[in-house]
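The values are calculated or read from the model by the stated rules, or taken from the named source; none is laboratory data. In this text the structure is predicted, and so the values were computed from the model without any measurement. Ideal geometry is used to build each Cβ from the backbone, glycine not excepted, and the neighbour counts take in all protein chains shown. The area values use the complete protein model at the heavy-atom level, side chains included, leaving out ligands, DNA and RNA. Shrake-Rupley method; radii C 1.70, N 1.55, O 1.52, S 1.80 Å.
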Number of protein chains: 4
Amino acid sequence: MCRWIAYSGSPILLSRVLFQPKYSLIDQSLHSRLGVETTNGDGFGIGWYTQERSTPAVLREIDPAWNNRNLREVAHHVRSGLFFAHIRASTGTAVQQTNCHPFRYGRWMWMHNGAIAGFRELRRDLTLAVDPALYPDIEGSTDSELMFFLALTFGLPEDPPGAVARMAGLVERTGHAHDIAHPLQMTVAVTDGRSVWAFRYSTVAASRSLYYSTEVGDLRALHPDAALLRELSDDSRLIVSEPLGDLPGAWNEVPESSYSVVQPGGDAMRPFRPDLAHASRS
Amino acid sequence: MCRWIAYSGSPILLSRVLFQPKYSLIDQSLHSRLGVETTNGDGFGIGWYTQERSTPAVLREIDPAWNNRNLREVAHHVRSGLFFAHIRASTGTAVQQTNCHPFRYGRWMWMHNGAIAGFRELRRDLTLAVDPALYPDIEGSTDSELMFFLALTFGLPEDPPGAVARMAGLVERTGHAHDIAHPLQMTVAVTDGRSVWAFRYSTVAASRSLYYSTEVGDLRALHPDAALLRELSDDSRLIVSEPLGDLPGAWNEVPESSYSVVQPGGDAMRPFRPDLAHASRS
Amino acid sequence: MCRWIAYSGSPILLSRVLFQPKYSLIDQSLHSRLGVETTNGDGFGIGWYTQERSTPAVLREIDPAWNNRNLREVAHHVRSGLFFAHIRASTGTAVQQTNCHPFRYGRWMWMHNGAIAGFRELRRDLTLAVDPALYPDIEGSTDSELMFFLALTFGLPEDPPGAVARMAGLVERTGHAHDIAHPLQMTVAVTDGRSVWAFRYSTVAASRSLYYSTEVGDLRALHPDAALLRELSDDSRLIVSEPLGDLPGAWNEVPESSYSVVQPGGDAMRPFRPDLAHASRS
Amino acid sequence: MCRWIAYSGSPILLSRVLFQPKYSLIDQSLHSRLGVETTNGDGFGIGWYTQERSTPAVLREIDPAWNNRNLREVAHHVRSGLFFAHIRASTGTAVQQTNCHPFRYGRWMWMHNGAIAGFRELRRDLTLAVDPALYPDIEGSTDSELMFFLALTFGLPEDPPGAVARMAGLVERTGHAHDIAHPLQMTVAVTDGRSVWAFRYSTVAASRSLYYSTEVGDLRALHPDAALLRELSDDSRLIVSEPLGDLPGAWNEVPESSYSVVQPGGDAMRPFRPDLAHASRS
């Protein structure tokens, strides 16, 4: 499927996270250890927030990340305190920029690993549920972008966990109506430029891997010599599809059917379940 | 907008038509004389039929045609008796392979120059009118591909002129319902691998240019020394957005609100008008 | 051939120069008014310096600038006080990233508009004159990159105008040895991240156009309402292939056979002539 | 490194060899079993001869073969009796079309798996040995293309095995002069459109894998039900980096330090050793 990372914390060069770690995302593009596919070479994307404006910059390309020079250039020169990065393994839809993650709408960004089972059959019904005012902005053909637009339709800016739960509920109801046993498989990250929400869920309760980093203060006590840790503020946090290294104590699994929120004032981990009761607008 | 050519006749190398003429399609990609835009550099495509199979081969790329080496290679080595070629000037939708013409469905190919006015607003309503069984095969985001899928929904294989008329009627009705004065502007070519239909129509009755070549026998009498003409069978025909050269007597305008059909047994020119009475399925 | 701009001054968003002006570089990619070719669609590049490191970031792509989304994203989110931008019209060499400008070596950047006449014939002799220690870093096949490596060979870091003069001298001597009447046609910009040198020269003394902007203080007095001018420091300067707008008094031609230097402590304009006496190392 | 196949025999659709076998070249682009790298995603190329002209068509792209649609289209519609296909894993040089195999010069094609050790150091000396008349046609930056131009310089059209031996000898002498213990590692295929020569050699005598297919008549006797075999003429032959399937008896290793020639009138296998005595022209 795909691999992704979300970073929030002290402004750092993107390359510190994307290129330098032992099992960096760039390394995972060729040699993923936990992914369904070892190769994630069907395009990539990065999105980052700056002081310049509230909407993030998004750079997406359709070739593999491992030898892409523009990614290397930007990652070694751009510093950000909140960024997403994603490498894609297509499950059938076209390899094109508009199918690369992260997706953006206004100040919001979204990225996904997983799939909607039977998406070819479900795509039309799900698309009809998108707010007609949002519909014209759908540019690609992936399940991932459609999940984003459904979450936007269901109130993402007001209540991110609720909107994602309503999206997941619609996917499950629609899938079951088409006799699909396990419609949804997802890890999703979404941000408004201040907080990051990361969801781990699948109908079958065997979701793709998802990890979050240990609090920097605790890690620093464990590993006083680690250079990167001295550079990071206490509230810095990484959420990743798979650990970026072997540092003991650094990585913790997000539990099944949970979501994590990284936010000013204190992070949290909470249970997640699809909202099956919500009456979709369609 | 775009420029295109359709060829039907003696099997010839694609380069004879795509590269060698004075105002070849490749020349038009940089210096169109009759197009709305002089530059058509947002991707291109060619589609050709062979003896191998009933479905055509389609090669599409997102960079300009003028310096694309693969186009040059294929055009100089592939011979076909029926082929389409198209160069694109995007009117806003993404530059990606799935937005390049020609589009293919089974043995059918479709290409288009023009636009649906207010497409952002109309896109959802028009998409809903596509047969749900066809819907999953929509891959891009252009008005052109959607027009093709509407024509397929309305019976393209059984009655090409009727299906195109019903598609055009739906676009006009939908546009007018959204207070758009002149919803449709099109020249379209469509083929099943045996016949070619070419339509010229716009609501405002000022359609993009469209020309067809004079009968080869007549031309040969006028220009006994023209090498290409001696190579072509009597039933060979080109339909083009703009003439490929200055040969006197070679090019004839397709009249406003007309369609031309090139087919075994005799070509024809007939009036075209949108079918506004057809009750769409949506 | 090509079009380029060099900016030095107050840190600004790249988009202020690349996208917003009336005749912006992006507009010139489709509609150059002074270029040899109206279309410059064979790739583009931007290079910018940041506080992060002494070497600049360079982003280059092979498709046209006018619809490239990554260029738009970066330009609207990256702020820099010294940057180059270039749009390419190939004169025959391959459309590939390593043939796109600006070229970089360490902290130096180089971009070029023009051509070495008879480059196919001269290429080997000129390449042999490149310092063998630099030779392995030549990645592309253009005359422009080779001119950069010759200037590096001839002492660019120590004496930029002298090194460029020796490069130009070698090109002219080599060309004349091959009976080429007018071997060199160039406008070149080169920078080390602090100063910018811009050269206008051709053997035939009819060089490609080159302009520099009037001092910001003078312009501000002339146009007190111009928003961009209020944003710029007094030492801000643009050097461009063609003016970006019609603001009266804003643009001045760099004279034939001259170079301009934009530097801390005061800009200057000086005569330029190839150094024909320098004994090349080959 | 890379993987390649060469086919000579009955004209067949390219897809029969490129897509249909169990371990097809397309499968190897993601999951090579015998290659140094499991992923070969840094571009690909195919070259094929037709009745149209003596020079082959060459199609090369810089993205991975596994999801490239143009490759799929061409392979399913083009029939040829002699074709090459190559998937690339860059060892450091840029991912660009001019670095993709096969390379072409006139009617000749060349492709390579392996590397010249210390190529950055040796590149200049080796390039100087290329015939100055051929030099301008070098477009890329790979060792593979340079090996081709050296073989052309040393008489490829007159004596292919001798020219390749002289090229290999020059590489070894030049490498040894730079204190490189094992300068050359190669499997190379070269053709003039009639015969195919395939070389397996490395200084260290542990060359990359290379296999040739068993004679079709013998295979047909072993496997009377295999559909593809009934389609092939008796003189059809495949030479491949790794076997395309598990058919018992189908694949034979080309011995170390050998070359195979597939030609009208009878194939052959002969020893290969670099010609160290040849005085290069440089």
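Look at (1) within 30 Å of A:Tyr49 (Cβ to Cβ); (2) away from chain A (no Cβ under 12 Å) and you find that C:Asp42 fails only one, number (1). Looking only at residues in region A:172-190 that are crowded, with 24+ Cβ neighbours inside 10 Å and hydrophobic (A, V, I, L, M, F, W, C), the one that is nearest to A:Ala117 (Cα to Cα) is A:Leu184. For region B:76-89, which positions are more than 12 Å from chain D (Cβ to nearest Cβ), of a type outside the set (A, V, I, L, M) and either assigned to a helix (DSSP H, G or I) or out of contact with any Cys (no Cβ under 9 Å at 6 or more places or on another chain) (or both)? Within region B:76-89, B:Gly81, B:Phe84 qualify.
Within region B:95-148, if we keep just the residues that are of a type in the set (S, T, N, Q) and within 17 Å of B:Pro183 (Cβ to Cβ), the residue that is nearest to the chain's Cα centre (by Cα) turns out to be B:Asn113. Scanning region B:115-133 for residues that are within 11 Å of chain A (Cβ to nearest Cβ) and in contact (Cβ under 8 Å) with a residue 24 or more places away in the chain, we see that the one that is surrounded by the fewest Cβ atoms within 10 Å (Cβ to Cβ) is B:Asp131. Checking the stated criteria, D:Gly169 turns out to be open to solvent by less than 10 Å² (accessible area, probe 1.4 Å) and either touching a residue at least 40 places away in the same chain (Cβ under 8 Å) or under 22 Å from D:Ile62 (Cβ atoms) (or both).
Of the residues making up region A:1-50, those that are open to solvent by 40 Å² or more (accessible area, probe 1.4 Å) and part of a loop (DSSP other than H, G, I, E, B) number 7. Output the residue which, of all residues in region A:262-281 that are of a type in the set (Gly, Ala, Ser) and open to solvent by less than 50 Å² (accessible area, probe 1.4 Å), is modelled with the lowest pLDDT. It comes out as A:Ser280. So is D:Arg107 farther than 25 Å from C:Gly92 by Cβ, surrounded by fewer than 22 Cβ atoms within 10 Å (Cβ to Cβ), basic (Lys, Arg) and within 14 Å of chain B (Cβ to nearest Cβ) or not? In short, no. Considering (1) open to solvent by less than 10 Å² (accessible area, probe 1.4 Å); (2) in a helix (DSSP H, G or I); (3) over 26 Å from A:Thr153 (Cβ atoms), the lone condition that A:Glu73 does not fulfil carries the number (1). Residues in region A:51-65 that are among the hydrophobic types (A, V, I, L, M, F, W, C) and outside any loop (DSSP other than H, G, I, E, B): 3 in all. The set of residues from region A:210-222 being touching a Leu at 6+ places or on another chain (Cβ under 6 Å) and surrounded by fewer than 19 Cβ atoms within 10 Å (Cβ to Cβ) comprises just one member, A:Arg220. Condition (residue is charged (D, E, K, R), surrounded by fewer than 18 Cβ atoms within 10 Å (Cβ to Cβ), modelled with pLDDT of 95 or more and under 19 Å from A:Val58 (Cα atoms)) applied to region A:191-200: is it met by at least one residue? Yes. A single entry from D:His31, D:His112 fulfils the requirement of being without any contact (Cβ under 8 Å) to a residue 24 or more places away in the chain and either closer than 17 Å to A:Asn67 by Cα or more than 13 Å from chain B (Cβ to nearest Cβ) (or both): D:His31. Taking C:Glu61 as meeting all but one of (1) within 14 Å of chain A (Cβ to nearest Cβ); (2) touching a Leu at 6+ places or on another chain (Cβ under 9 Å); (3) closer than 24 Å to D:Gln97 by Cα; (4) open to solvent by 40 Å² or more (accessible area, probe 1.4 Å), write down the number of the exception. Among (1) within 14 Å of chain A (Cβ to nearest Cβ); (2) touching a Leu at 6+ places or on another chain (Cβ under 9 Å); (3) closer than 24 Å to D:Gln97 by Cα; (4) open to solvent by 40 Å² or more (accessible area, probe 1.4 Å), the lone unmet condition for C:Glu61 is (4). Among the residues making up region D:146-176, a single one is acidic (Asp, Glu) and over 21 Å from D:Ser260 (Cα atoms): D:Glu172.
Within region A:134-159, being part of a loop (DSSP other than H, G, I, E, B), closer than 18 Å to A:Val171 by Cα, more than 14 Å from every other protein chain (Cβ to nearest Cβ) and open to solvent by 10 Å² or more (accessible area, probe 1.4 Å) holds for A:Phe154, A:Gly155. When region A:94-138 is filtered for residues that are hydroxyl-bearing (Ser, Thr, Tyr) and touching an Asp or Glu at 6+ places or on another chain (Cβ under 8 Å), the ones remaining, listed by number, are A:Thr98, A:Tyr105.
Based on what the data block shows, is A:Tyr259 outside any loop (DSSP other than H, G, I, E, B), within 23 Å of A:Trp108 (Cβ to Cβ) and either open to solvent by 30 Å² or more (accessible area, probe 1.4 Å) or in contact with a Cys (Cβ under 6 Å, 6 or more places away or on another chain) (or both)? In short, no. Does D:Asn99 meet the test of being touching a strand residue (DSSP E or B) at 6+ places or on another chain (Cβ under 6 Å), open to solvent by less than 20 Å² (accessible area, probe 1.4 Å), within 14 Å of chain B (Cβ to nearest Cβ) and free of Cβ contacts under 8 Å to residues at least 60 places away in the same chain? Judged against the criteria, D:Asn99 is not a match.
What about C:Thr55, is it within 11 Å of chain A (Cβ to nearest Cβ), among the hydroxyl-bearing types (Ser, Thr, Tyr) and under 23 Å from C:Val188 (Cβ atoms)? Taking the combined requirement at face value, the residue satisfies it.
For A:Val204, only one of the following conditions fails: (1) touching a residue at least 24 places away in the same chain (Cβ under 8 Å); (2) open to solvent by 60 Å² or more (accessible area, probe 1.4 Å). What is its number? Against the list (1) touching a residue at least 24 places away in the same chain (Cβ under 8 Å); (2) open to solvent by 60 Å² or more (accessible area, probe 1.4 Å), A:Val204 comes up short only on (1).
Of everything in region C:76-96 that's hydroxyl-bearing (Ser, Thr, Tyr) and open to solvent by 10 Å² or more (accessible area, probe 1.4 Å), which residue is farthest from A:Arg69 (Cα to Cα)? Per the stated criteria, the residue is C:Thr91.
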